Amino acid sequence: MKEYRIVGMGMAVIFGLVGVMFLLFPGTGLEFFNSMSAALGMEPSPVTGASFYLILAVGYMYLVALLAFRIYQQPDDPSFPLLLAHAKLASSVLSFGLFILSKPYLIYLANGIVDGSIGLFVFLLYRRLKKKLP
C-alpha cells in the first residue's frame, strides 16, 4: 500500500507541474518536441491552434463524462460528484482567470459561467449525498 501511495503522490506532483507548464508556457512543450521532429523525420506539430491541446480537451471531456456516468451507476458513492465538481470548478476558475488576466474572449466567459454553474450544482449534490450517508 505504501508503494501505491508513493506512485499516487508522484503522479499528482508531475501532473500538477505539467499543468502549470501548460498554463504559463503553452508553446514550450510543443516547441521542445518539434525541435526533435526533424531529426526523426517527422513533421512538427502546429504550436498554435487546436493541435495537441485538442487531445487534452477531448481527454478532459471523456473524464468528466465518465465521472457523470459513474454518478449514474453508483449514486451512493460521494467520490464521483466531488471529483466532477473539482474538474468543472477548476475549468471555470481558469476560464475566468484567462478572461481577466489574458484576453476578454467570450468563450472564456461562457465556459467560466457554464462550468462554474455545473461545478456548483454537482458540489451541492455531493453535499446533499454526504448528509444522507451514515
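The table for this structure:
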read-out: Among (1) more than 19 Å from the chain's Cα centre (by Cα); (2) at pLDDT 95 or above; (3) exposed (fewer than 11 other Cβ atoms within 10 Å of the Cβ), the one test that Ala39 misses; value: (2)
read-out: Total residues in region 82-110, condition within 16 Å of Leu63 (Cβ to Cβ) and not hydroxyl-bearing (Ser, Thr, Tyr); value: 10
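Let's see how each residue does on (1) part of a helix (DSSP H, G or I); (2) farther than 29 Å from Phe123 by Cβ; (3) modelled with pLDDT under 95:
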position: Glu3; (1), (2), (3): yes, yes, no
position: Met9; (1), (2), (3): yes, no, no
position: Leu23; (1), (2), (3): yes, no, yes
position: Val47; (1), (2), (3): no, yes, yes
position: Tyr53; (1), (2), (3): yes, no, yes
position: Ala65; (1), (2), (3): yes, no, no
position: Phe69; (1), (2), (3): yes, no, no
position: Lys88; (1), (2), (3): yes, no, no
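The values are calculated or read from the model by the stated rules, or taken from the named source; none is laboratory data. Small disclaimer: the values here were computed from a predicted structure and weren't measured. Positions of Cβ are generated from backbone atoms using ideal geometry, with glycine treated the same way; all protein chains shown enter the neighbour counts.
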